Every structure is written in C-alpha cells, then in structure tokens.
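Since the structure comes first, as structure tokens, the remarks are kept for the end.
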Amino acid sequence: MTGATEPQEDGGGEELAERLRELRAQTRKSLKELERITLVSDSSWSRYLAGRGLPPWAAVEALCREVGRDPGELRPLWEAVRDRSAPVAPAAEEEAGEEIGEEIGEEVEQEQVAPAPPRKRRRPRLALVLAAIGALAGVAAWITAAVDGGGGRAAERSSPPAGTAAAGRPPVVAPGSPSAVPGALRADAAVPDRYRTVIELAARRCTEPEITPSLLAAMLKAESNFDPDLRDPKADEYGIARWTPSVFNAWAVDGDGDGFKDYMDPADAIATMGLYTCWLDQRIKLSGLHSNLPGLIAAAYRTSDKAVTQAGGPPAGTEAYVAEVLRHQREFTAD
C-alpha cells in the first residue's frame, strides 16, 4: 500500500507551502503541537512547510480552523497541487521529513513560542455529545469512555504490541447532529453502540462525500464483525479494522487521545481507517475512476489503490468482499 502525495513539479506547491507557513505562524505553535491539532506527524509537517509534499486536506482544514480562517480559501490551491501529484510511500515520506528536520523542524522546535491563551475543555457526557456533536472540545475524554477493548489493522509480529508513539487529539467536527450526516447510521442498524460515535467522527473528518459512517461501519462489519480482539497472524491482520501493522504505523491516528496509537484499540483503528480511506478515495478519483466509489474504496482497503486503478475496478478476488460491504452499507444507512 502506498502513502501520501508529493508534487512532481511545483505547480503551486511553494505558494501553498507559503500560505501554510503563514497559518502555522499565526497558531504560534511548535510542530509537535501541530501534530496534536491536525493528527499529522511533526516530521511530515516539516516537509509540507518546506514545500515538499501535499498535506491531507483534513490537516489543512484543522490548521485553518485553529486560527479561525475559512479552509475554503485554500481548497482551489490545494486541489491544483493535488492534481499535479504522484504517490510516494509513507515510509519514504517520513524519511524525507527527517532529512529536512534541521531545515525547518528542529528550527521550529527551538523557537521561543509565545504561549497561546489557555482554552477551557469540556467533558460532555455521551448523551450531550450525540445531541450536539459539533460543539465538542473534549472529544478524547468521552471517546475513551465510549469504547471498550482494543482494535486496528497492523503488526509486523504474530503477537502485536499493545501501543506505540504518542499522538494527537481527535479533530473537532463541524456543527450538526449525527442524523444529519450524509450516510448516517440507522438508529436500528446492527452496529455496536460503543463504536457509533467513533465511526461518526472518523467519517466526518474526511471531506470526501463517499467516506460516510455507514461505509466505515460496513467495512468494519465485513472485516471483523466488530471484533476488537480479532487476530489473524497468517494474514498479519489484527483488530476491529484488520490492520496490517506496517500500514497502520504509516497512517496511525490517536483516536481516543490517550497518547498512544494502537491498532488493537478500536478508537485508534477506526480513526485511522477514516483517514486512510479518505486518502484512497482521493487517489482513486485522481486516477479517473468515478463509478461505484464506495466499492472501489473497499477494494483498495483490502488490496491497494494501485491494484484498483490498474484493474479499473475491484481486483480479482475482492468481488465477494466488495459485495458484502455494499450490502451492509445499504442495511446500515439511514433513510
């Protein structure tokens, strides 16, 4: 599976990087603090701010909202850079980020950053969250309470580790109730209650319309039947989202804000699934495929975006899986 995108030519990349540097300066935050805000690693941000690589749109949105700017102002420029982009492996992206750490990353970390005014964080109960999900400021607290057990898709050992690197906080989502979200879950859908809010948040973090709560839930159903303890060492897949450890580690999101990214933690696994499928969606569209996108996204998750684009549709051997995902998606989607 491949990773983020990097412009082959400038194509607006330097202009976008300059705008991002301006926004980052307004936040008055270090790269490590940006990681917690945007759920993108500090080493990746050092690349993006240097004009090397295209940040995920969700990260750009989070950066804009941190300083009260309309993300829509940057969308045309971001899309122009995206349309001139080519895939690079996540590992290569991280390596390149380390190479320019002295150029931007370390310099930023050594700055004397003036502290921003402290923000009060609320810890609403789940009932209030579901009534006003967009008003959250303490998302991590109630996600931790809402999710029991572990879950994710990846490990390079037959016995996967319990957790790894520190990460950021879940994103603050836009106003609205869960029922108003396109592709929202039916009230009577066979989706465990403890995962519903996490799934809603993971879907809403992506701006691509195909990444909906019902699609993510359908994929989780097909992958593991919502089993957070699933372990398949032969396939090297683990947890509720059947993550392969090496892939998870390249995309990992701290979904519950506990400071760890663990593919056996359902909140982390589902949040990372949302980010990864969002990227798959963008890559598939960029290849020129636009029909049956939910099915193509599911097939790419099971194989890779490259396999889907080369086949011009679901690769051989994924048809039954795709059919199952689409069937569950219809069952789960609210009218």
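The values are calculated or read from the model by the stated rules, or taken from the named source; none is laboratory data. No experiment lies behind these values; they were computed from the predicted model shown. In this analysis, Cβ positions are derived from the backbone assuming ideal geometry, glycine residues included, and neighbour counts consider all displayed protein chains. What goes into the accessible areas is simple: the full protein's heavy atoms, side chains included, and nothing from ligands, DNA or RNA. Shrake-Rupley method; radii C 1.70, N 1.55, O 1.52, S 1.80 Å.
Keeping the other protein chains in place, figure out the carbon and sulfur percent of the accessible area of the stretch 243-323, with a 1.4 Å probe.
Working: 1350 of 2490 Å².
Carbon with sulfur: 54 percent of the solvent-accessible area.
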(message) If you count only protein heavy atoms with a 1.4 Å probe, what accessible area per residue comes out for the stretch 251-335, rounded to a whole Å²?
(response) 35
(request) Starting from the Cα of LYS234, draw a straight line to each of the lysines and keep only those under 28 Å, dropping any in the same chain fewer than 8 residues away. (result) LYS221, LYS261, LYS306
(request) Find how many whole Å separate the alpha carbon centroid of the stretch 208-283 from the alpha carbon centroid of the stretch 18-83. (result) 24
(message) Compute for the stretch 22-75: radius of gyration divided by Kirkwood radius, i.e. Rg/Rh, restricted to C-alpha atoms, rounded to two decimals.
(response) 0.91
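Expressed in nm to one decimal, what extension gain is obtained for the pair ARG65 and SER287 from 0.36 nm per residue of sequence separation less their Cα-Cα distance?
76.9 nm
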(request) Mind checking the full-extension length gain between ALA190 and ARG231? Use 0.36 nm per residue of separation minus the Cα-Cα distance, one decimal, nm. (result) 12.5 nm
(request) Can you tell me which of 194-200, 238-244 comes out highest on packing, and rank the rest after it, using the mean Cβ neighbours within 10 Å? (result) 238-244, 194-200
(message) If packing is taken as the average count of other Cβ atoms within 10 Å, what order do 297-308, 271-282, 316-327 fall into, highest mean first?
(response) 271-282, 297-308, 316-327
(message) Please list, ordered by chain and number, the residues whose modelled amide H lies under 5 Å from the amide H of TRP243; skip anything fewer than 5 residues away on the same chain.
(response) GLY152, ARG153, ALA154, TYR238
(request) For the stretch 22-84, give the magnitude of the charge dipole about the Cα centre (Cβ charges: +1 Lys/Arg, -1 Asp/Glu; no others), in debye to the nearest 20. (result) 180
(request) Kindly rank 65-72, 210-217 from highest to lowest mean number of other beta carbons found within 10 Å of each residue. (result) 210-217, 65-72
